[in-house]
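The values are calculated or read from the model by the stated rules, or taken from the named source; none is laboratory data. Predicted model only: the values in this text are computed from it and were never measured. Positions of Cβ are backbone-derived with ideal geometry, glycine not excepted, and every protein chain shown enters the neighbour counts. Please note that ligands, DNA and RNA were not included when accessible areas were found on the heavy atoms of the full protein model with its side chains. Shrake-Rupley method; radii C 1.70, N 1.55, O 1.52, S 1.80 Å.
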Amino acid sequence: MSPRRADTTRQWLAEQAARWMTELAVDDPLLALRRVLARDGGTPPDRRQWPGAGEIREALQAYQRLFRGNDQHAALQARRRAAVEAMRFFAPFRPALVGAVLDGTADAHSMVQLHVHAEEAEAVLGVLREQGIAHRLGDRRVRLDPRRQTSVPHVAFDADGIGFELWLLPPACERNPPLDAEGRAPMSRASLDQLLRMIDAQPAHPPH
């Protein structure tokens, strides 16, 4: 296959995965890519033509600028403000913001994703019960190093019309966060102070 044909395939896959993320509220770019490949059927293209997570996020940002504009910007601002309140609420568990609300691709379908740290998941669950916060408990597969995946408790709940996800991680993950979707580098995360600085620097209106 010619380099130009390979680049075209790579870009097309990135755009299709980006649409899947924004229209079906999929937060993992590589999961969105796998679903695109499964949907199309047939023999998938060579893996060397598959876009990486960063390329898919770039395509997602371009899609949102083109089709969502002010709506996406307002949704992102609302979710960052909601993340501030949640991080203050869960301060004893040293929360860190991850995902679309951090990287700026969040829209009206996106959940606020937080990593919280505790020796026992019950400590976090107890706070939710004490405050009467209805929640859904499951688990999430995370990669703690390039060779090992494990399941950690995962809690979802809604507040003021916004969805939240908590990944309940052991204390060691505060210094050594799980790896990103490609398993190559630690996930990008932000503390409350870092998030507040992002909000201060965030323009009141979307860039053109």
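For (1) at pLDDT 95 or above; (2) under 20 Å from Met87 (Cβ atoms); (3) of a type in the set (Gly, Ala, Ser), each residue gets a yes or a no:
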residue	(1), (2), (3)
His135	yes, yes, no
Ala156	yes, yes, yes
Pro177	no, yes, no
Ala185	no, no, yes
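Tell me, which residue of region 39-58 that is modelled with pLDDT under 85 and either crowded, with 20+ Cβ neighbours inside 10 Å or of a type in the set (A, V, I, L, M, F, W, C) (or both) is farthest from Met111 (Cα to Cα)? Among those that are modelled with pLDDT under 85 and either crowded, with 20+ Cβ neighbours inside 10 Å or of a type in the set (A, V, I, L, M, F, W, C) (or both), it is Ala53. Filtered by the rule that a residue be within 26 Å of Gly54 (Cα to Cα) and open to solvent by less than 20 Å² (accessible area, probe 1.4 Å), region 105-155 gives Thr105, Ala106, Asp107, Val112, Gln113, Leu114, His115, Val116, Val142, Val152.
The single condition among (1) touching a Pro at 6+ places or on another chain (Cβ under 8 Å); (2) open to solvent by 20 Å² or more (accessible area, probe 1.4 Å); (3) modelled with pLDDT of 95 or more that Ala96 does not satisfy is (2).
Pairing each residue of region 169-188 that is more than 19 Å from Gly54 (Cα to Cα) and open to solvent by 40 Å² or more (accessible area, probe 1.4 Å) with any residue that is of a type in the set (A, V, I, L, M) and modelled with pLDDT of 90 or more, provided the two are 6+ apart or on different chains, yields C-beta distances under 9 Å for Pro170/Ala118; Pro170/Val152; Pro171/Ala118; Glu174/Ala96. Only residues that are touching a helix residue (DSSP H, G or I) at 6+ places or on another chain (Cβ under 7 Å) and at pLDDT below 90 were counted across region 71-86, and they come to 1.
Looking at region 19-137, what helices (runs of 4 or more DSSP H) fall wholly within it and have at least 2 residues that are within 22 Å of Ala190 (Cα to Cα) and of a type in the set (Lys, Arg)? Before you say what the answer is, go through the steps one by one.
Working: elements: 29-40, 53-67, 70-89, 100-103, 121-130.
The helices (runs of 4 or more DSSP H) meeting that bar are 70-89.
A Cβ distance below 9 Å, combined with a sequence gap of six or more or placement on separate chains, defines the contacts here; from region 52-63, residues that are touching a residue at least 12 places away in the same chain (Cβ under 8 Å) and closer than 12 Å to Ala32 by Cα reach residues that are among the β-branched types (Val, Ile, Thr) and in a helix (DSSP H, G or I) in the pairs Leu60/Thr22.
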